[in-house]
Each structure stands twice: as C-alpha cells, then as structure tokens.
Amino acid sequence: MSEALAHANIYTEEDYYNLPENVRAELIDGQIYYMAAPSRIHQKILSYLHLEIGNYLRSKKGPCEVYPAPFAVKLFSEDDRNVVEPDISVICDPNKLTDRGCTGAPDWIVEIASPSNSSHDYVRKLNLYMDAGVREYWIVNPDKKSIYVYHLEETQFETTAYTLQDKIKVNIYDDLWIDFKALGL
C-alpha cells in the first residue's frame, strides 16, 4: 500500500490574487470557484440595486458605501482561505475598506443567483456569511422570480421569502425599501 495519499489542493488569498486579471473567481474554504459571465438580467438587477442603494446612502450622508462586483471581500481578517465577490456589498465601517476591497464582514450582501451557482449562494455562502456576521443577506433569483432575505438575529439568520413583484424593507435601515416591481421583470 502506498503511503502517498491524494490531497486536494488548498488555495490561499495569495493564490486568489495571483489569478489572471480577466478571471472571475472566489476562494471559499481553500477552494477556488470560477464564475461565469453574468446574464443581461443579472446585470439589470445589479445595476438597479446599486443605483437604489447608492442614492439612498448618498442622501443619508453617512459612513456606509456600496460596491458592485467585482469587489473582493475577505470575510475574516485572520483567514486567508476565504475571499468572495458578492454582487453587492454594503460596508458601514470605513476601517474595513482596503485597497484590495473589504476585510471583515460587510453589513449587507446581495447575491443574484444564476442557474450555475444557486447552490453556492443558498448553502455555501449562506453559512459563510452567517459565520462572518453579515447583518443582512439577500439572494435574488431571477429564474425563480424569488428573493430570500436573511437577517441576522443574534447568531442565526431569520428568513423571509419575497417575489420580484414585492417592495422589500431593508432590515438594517429604518427607511429603505427596494421596489422590485419597478424592474419590470
């Protein structure tokens, strides 16, 4: 019997940042997950949310900032095995912002699911974001015309389901509502 056993490669933040510039990928638990080019509907939703959130944050003149993908988020400062690229990241602590993106949990993350990555968003990232302390996590699924809102209550997410016809209150703000019906999907 051979003593050599097959070992899966464990990648680090350094490997992630050494990927070619035109390659979109995420590093989760030491594994690299490549991302396909987004669809037009994905980009329409992303643009709409970025504008709605950005206009709201600008009107409040507070410390929060919104960043659309590609934007690197290192969820845990001491862990070099997790770097994700959420579709939308809202960060309210300026100390978390770096030249490379964000180090630490954003306050709010939105992922727009595609058929090729839905289990990634619903399982792998959901648990990762909860463990990191993301206060609010939305999964928008254009194919299923659904939106799942996960709001962190103490140590676990409370979940509410919506459709693309709903006007949804953002839990981390007192007066921000996102009207998905305005998208016309």
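Every number in this text was worked out from the coordinates using simple rules, so none of it is lab data. As the structure is a prediction and not an experimental result, all values here were calculated from the model. Here the Cβ positions follow ideal geometry from the backbone for every residue, glycine too, while neighbour counts run over all protein chains shown.
For the chain, taking a cut-off of 4.7 Å between Cβ atoms, the unpaired cysteines are CYS102. Normalising the average separation of contacting C-alpha pairs (under 8 angstrom, six or more residues apart) by the number of residues puts the relative contact order of the chain at 14 percent.
Each residue of segment 30-43 was assigned a 3J(HN,Hα) from its phi angle through the Karplus expression (A = 6.51, B = -1.76, C = 1.60, θ = phi - 60°), giving x, 10, 8, 10, 7, 10, 6, 5, x, 6, 4, 5, 4, 5 Hz with x at Gly and Pro.
The number of Lys pairs in segment 74-185 with C-alpha atoms less than 19 Å apart, excluding pairs fewer than 8 positions apart on the same chain, is 10. Among ASN22, ASN55, ASN127, whose mean-square fluctuation peaks in a Gaussian network model of the chain (Cα, cutoff 10 Å)? Greatest mean-square fluctuation among the candidates belongs to ASN22. Among THR163, THR98, THR12, the residue with the largest mean-square fluctuation in a Gaussian network model of the chain, with springs joining Cα atoms closer than 10 Å, is THR98.
Dipole size of segment 38-183 about its Cα centre, with +1 on Lys/Arg Cβ and -1 on Asp/Glu Cβ: approximately 540 debye, rounded to the nearest 20.
Cα-based Rg of the chain per 2.2 N^0.38 Å, rounded to two decimals?
Cα-based Rg divided by the globular estimate yields 1.06.
Subtracting the Cα-Cα distance of ALA36 and THR160 from their residue separation scaled by 0.36 nm leaves 41.8 nm. Of the residues LEU51, LEU57, the one with the fewest other Cβ atoms within 10 Å heads the list, and the complete ranking is LEU51, LEU57.
Based on the Cβ-Cβ distance from ASP93 to TYR122, what FRET efficiency comes out when R0 is 35 Å, to the nearest 0.05? Given R0 = 35 Å and the Cβ-Cβ separation, E is 0.85.
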